[in-house]
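The values are calculated or read from the model by the stated rules, or taken from the named source; none is laboratory data. Model, not experiment: these values are computed from the prediction. Here Cβ is always computed from backbone atoms with ideal geometry, including for glycine, and neighbour counts include all displayed protein chains.
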Amino acid sequence: MPIISPKIIEQIASLSRLKFTKQEISQAASKLAQILSHFTLIQKIETTNVPTSEDVTGLTNIWRTDIAQPQKLCSTDTLLQKSPATHQRHFKVKAVF
Amino acid sequence: MDTLPATIASQHQALQQGEISAVELVEKTLQQINTKDSVLHAFLQTFPETALAQARALDQQGAVKDPHTPLAGIPIAIKDNICTTAGHTTAASKILAQFSSPFDATAITRLRQAGAVIIGKTNLDEFAMGSSTEYSAFGVTKNPWDVRRVAGGSSGGSTTAVAAGLSVAALGSDTGGSIRQPASFCGVVGLKPTYGRVSRHGLIAYGSSLDQIGPITRTVADAALLLQIIAGSDEYDATSSPTSVGNYHLTSPDLKGVKIGVPQEFFAEGTSASVAEVVHQAIKDLAGLGASIVEISLPLTSAATAVYFLIAKAEASTNLARFDGLRYAGQKTPSEDLLHHYLIHRGQGFGPEVKRSILMGSYALSAGYADAWYKQASKVRTLIRQEYEAIFKQVDLIAGPTAPETAFTIGSKSNDPLAMYLSDALTVPMSVAGIPSVSVPCGFAKDLPVGLQLTAPAFGETKLLQVASVYEQIHNWWHKVPK
């Protein structure tokens, strides 16, 4: 049974920018451990020399000309109108620094 | 006209013959929703103003007589993870409660060009992660056949809306079964097209290598019509396929010469006996129309669940990294600095299944674990794709149950994520392989709907829908409606 310690959950939660309560951490640890122990069956499948499936479409290098299509552009007014907090025609957000 | 015609085809005919106007059709549809949806909770929003304005314009233009607008006046419900300029697009999440999309998804644009009226947005599991619609941040959708039971998920709002006659058709999305499984639970038709058949532009991404938008309807003919309209390559979705769209207009051949494979693994111990019995009868019906039934084996079926969830959750952890709670979250909690803001708003804005999914996905991708989990899952995915390619050299289609059981009671699996995942065991393999699959009503087990799942090779939607339609016309199960 793979051990997903609460410490690993805390680390990943922090990297994923998710706040968990202590209780949520221990619940997540136990539920994930249960799920992953069921999933270990894939590790028994022989995959030497089997390629991965990052590509599922067989398509490569799909191009289109880099020109603006005015009829498809959204106006600044529309974008600002749909946002709850704006300041002088910018989105207002928390300071990064 | 007292009762609304039940299908797109019959509504279209009524409009063409002047028995009802587009405005009246929208008004009656909205009335149905207002009457029944307080119990069922299929809809998160309805758009009476825009829908009536759209309908009025269509009536004035005489659009129902125009062959270029085959859906003129037809009201369609849209799963709320598909962007519409009307109303909000919330993905049933608090973190997007105030998000209003500046653009329509390509599928919506195509429906509108065909004259469809967008009647409202339907409920789903949050960010399409779930199999019951219990994980919606805005309440569960009930199954119209038994309101103590789930509609299925994640497109439960759309399937309940269609099954209960609240909307003649809907769009859903399917990543691991999210159209097909709720279609099976609600007794309607649900199609997951080949990966790349329908543009994902404007679909809020869950698993980008798996997601597809698809139709949910009462009949296969209606599903074929909607697919015809929304399918096709799109310059805004580089994964959309340049393969030309087939002609999905259905004729009615018999099934002579059609070879249908029935995998033994789909009837293993996880599948309930009562569901198996109903589906076996459906397969006998297919044989009765001339199909030859071949017993086949798909040994990687049991591995597909693990492969699917590891890949889907890994992709989801990346896709959901963009949601920062800075603009559209419903609740605003005071925060000290930007990092604190992210932690709190993502922590509170996402529900427990979404947070668990992000954790699992990030874990499967993290240094030291990625080879054993994500990379191995991706390799087994290749093997599963090859397994299906090989089997389609022997058979034309594959048949089996859509879900291992009928609709379960609300609350019975919501605390058991593994049990919830296993209810998708029969739909995830087709998502992993990227091939098209449809659920068609095939009867009832203890008064609850059962779905027959038919699967075709990539871009095989024409034959898939032909066979599904021929089967459907044996019993026309869709005539039976929930009380």
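In the range B:371-423, what residues are among the small types (Gly, Ala, Ser), away from chain A (no Cβ under 11 Å) and either over 20 Å from residue B:135 (Cα atoms) or out of contact with any Asp or Glu (no Cβ under 9 Å at 6 or more places or on another chain) (or both)? Step through it out loud before you land on a result.
The initial filter retains those residues of the range B:371-423 that are among the small types (Gly, Ala, Ser), namely B:372, B:377-378, B:390, B:399-400, B:403, B:407, B:411-412, B:414, B:419, B:423.
Next cut, away from chain A (no Cβ under 11 Å) only: B:390, B:399-400, B:403, B:407, B:411-412, B:414, B:423.
Listed by number, the residues that qualify are B:390, B:399, B:400, B:412.
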(request) Select from the range B:1-40 the residues that are under 20 Å from residue B:84 (Cα atoms) and of a type outside the set (Ser, Thr, Tyr) and list them in ascending order. (result) B:26, B:30, B:33
(message) Conditions first: (1) out of contact with any Asp or Glu (no Cβ under 8 Å at 6 or more places or on another chain); (2) at pLDDT 95 or above; (3) of a type in the set (S, T, N, Q). Residue B:7 passes all but one, so which condition is the exception?
(response) (1)
(message) Condition first: in a loop (DSSP other than H, G, I, E, B) and either more than 14 Å from every other protein chain (Cβ to nearest Cβ) or small (Gly, Ala, Ser) (or both). Can you find one or more residues in the range B:224-231 that meet it?
(response) no
(message) Conditions first: (1) in contact with a strand residue (DSSP E or B) (Cβ under 8 Å, 6 or more places away or on another chain); (2) within 30 Å of residue B:381 (Cα to Cα). Residue A:85 passes all but one, so which condition is the exception?
(response) (2)
(request) Could you check residue B:367 against (1) within 27 Å of the chain's Cα centre (by Cα); (2) free of Cβ contacts under 8 Å to residues at least 12 places away in the same chain; (3) not in a helix (DSSP H, G or I) and say which number it fails? (result) (1)
(request) Report the residue count in the range B:370-400 for those that are over 27 Å from the mean Cα position of the chain (by Cα) and buried (at least 20 other Cβ atoms within 10 Å of the Cβ). (result) 2
(message) Return the residues of the range B:118-168 that are out of contact with any helix residue (DSSP H, G or I) (no Cβ under 9 Å at 6 or more places or on another chain) and of a type outside the set (Gly, Ala, Ser); say none if nothing qualifies.
(response) B:146, B:148
(request) Go through the range B:396-483 and tell me which helices (runs of 4 or more DSSP H), entirely inside it, have 1 or more residues that are touching a Pro at 6+ places or on another chain (Cβ under 8 Å), among the charged types (D, E, K, R) and closer than 19 Å to residue B:177 by Cβ. (result) B:461-475
(request) Determine whether the range B:69-80 contains at least one residue that is crowded, with 21+ Cβ neighbours inside 10 Å, acidic (Asp, Glu) and in contact (Cβ under 8 Å) with a residue 24 or more places away in the chain. (result) yes
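If the requirement is being within 30 Å of residue B:241 (Cβ to Cβ), in contact with a Phe, Trp or Tyr (Cβ under 9 Å, 6 or more places away or on another chain), among the aliphatic types (A, V, I, L, M) and in a helix (DSSP H, G or I), which of these qualifies: A:8, A:12, A:35, A:42? Outline the logic, then answer.
Numbers: A:8 fails: within 30 Å of residue B:241 (Cβ to Cβ); A:12 fails: within 30 Å of residue B:241 (Cβ to Cβ); A:35 fails: within 30 Å of residue B:241 (Cβ to Cβ).
Exactly one residue qualifies, and that residue is A:42.
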(request) Enumerate the pairs (first residue in the range A:14-29 and of a type in the set (D, E, K, R); second residue anywhere and part of a helix (DSSP H, G or I)) with beta-carbon separation below 7 Å, excluding pairs fewer than 6 apart on the same chain, so at least 6 apart or on different chains. (result) A:17/B:342; A:17/B:343; A:17/B:346; A:19/B:343; A:19/B:344; A:19/B:347
(message) Could you tell me how many of the residues in the range B:95-121 are among the hydrophobic types (A, V, I, L, M, F, W, C) and within 11 Å of chain A (Cβ to nearest Cβ)?
(response) 3
(request) State all residues of the range B:304-344 that are more than 9 Å from chain A (Cβ to nearest Cβ), assigned to a loop (DSSP other than H, G, I, E, B) and of a type in the set (Asp, Glu); if no residue qualifies, say none. (result) B:336
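Sort out which residues of the range B:270-303 are part of a helix (DSSP H, G or I), within 14 Å of chain A (Cβ to nearest Cβ) and either at positive phi or touching a helix residue (DSSP H, G or I) at 6+ places or on another chain (Cβ under 6 Å) (or both), and write them in order of number.
In the first step, residues of the range B:270-303 are kept if they are part of a helix (DSSP H, G or I); the result is B:273-288, B:301-303.
Keeping just the survivors that are within 14 Å of chain A (Cβ to nearest Cβ) gives B:301-303.
Matches in the range B:270-303: B:301, B:303.
Which one of these is surrounded by fewer than 24 Cβ atoms within 10 Å (Cβ to Cβ), touching a residue at least 12 places away in the same chain (Cβ under 8 Å), within 23 Å of the chain's Cα centre (by Cα) and more than 18 Å from residue B:218 (Cα to Cα): B:97, B:91, B:6? Step through it out loud before you land on a result.
Working: B:91 fails: surrounded by fewer than 24 Cβ atoms within 10 Å (Cβ to Cβ); B:6 fails: more than 18 Å from residue B:218 (Cα to Cα).
Exactly one of B:97, B:91, B:6 is surrounded by fewer than 24 Cβ atoms within 10 Å (Cβ to Cβ), touching a residue at least 12 places away in the same chain (Cβ under 8 Å), within 23 Å of the chain's Cα centre (by Cα) and more than 18 Å from residue B:218 (Cα to Cα), namely B:97.
Could you please let me know if residue B:158 is touching a Lys or Arg at 6+ places or on another chain (Cβ under 9 Å), of a type in the set (Ser, Thr, Tyr) and at pLDDT 95 or above? Outline the logic, then answer.
Working: touching a Lys or Arg at 6+ places or on another chain (Cβ under 9 Å): yes; of a type in the set (Ser, Thr, Tyr): yes; at pLDDT 95 or above: yes.
For residue B:158, the condition - touching a Lys or Arg at 6+ places or on another chain (Cβ under 9 Å), of a type in the set (Ser, Thr, Tyr) and at pLDDT 95 or above - is met.
Inspect the range B:49-72 for any residue being within 25 Å of residue B:182 (Cα to Cα) and of a type in the set (Val, Ile, Thr) and give the result as yes or no. Reasoning before the result, please.
Kept after step one, since they are within 25 Å of residue B:182 (Cα to Cα), are these residues of the range B:49-72: B:71.
Then drop every residue that is not of a type in the set (Val, Ile, Thr), which leaves none.
Taking every residue of the range B:49-72 in turn, none turns out to be within 25 Å of residue B:182 (Cα to Cα) and of a type in the set (Val, Ile, Thr).
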(request) Kindly provide the set of residues from the range B:337-368 that are farther than 15 Å from residue A:28 by Cα and of a type in the set (Val, Ile, Thr), ordered by number. (result) B:344
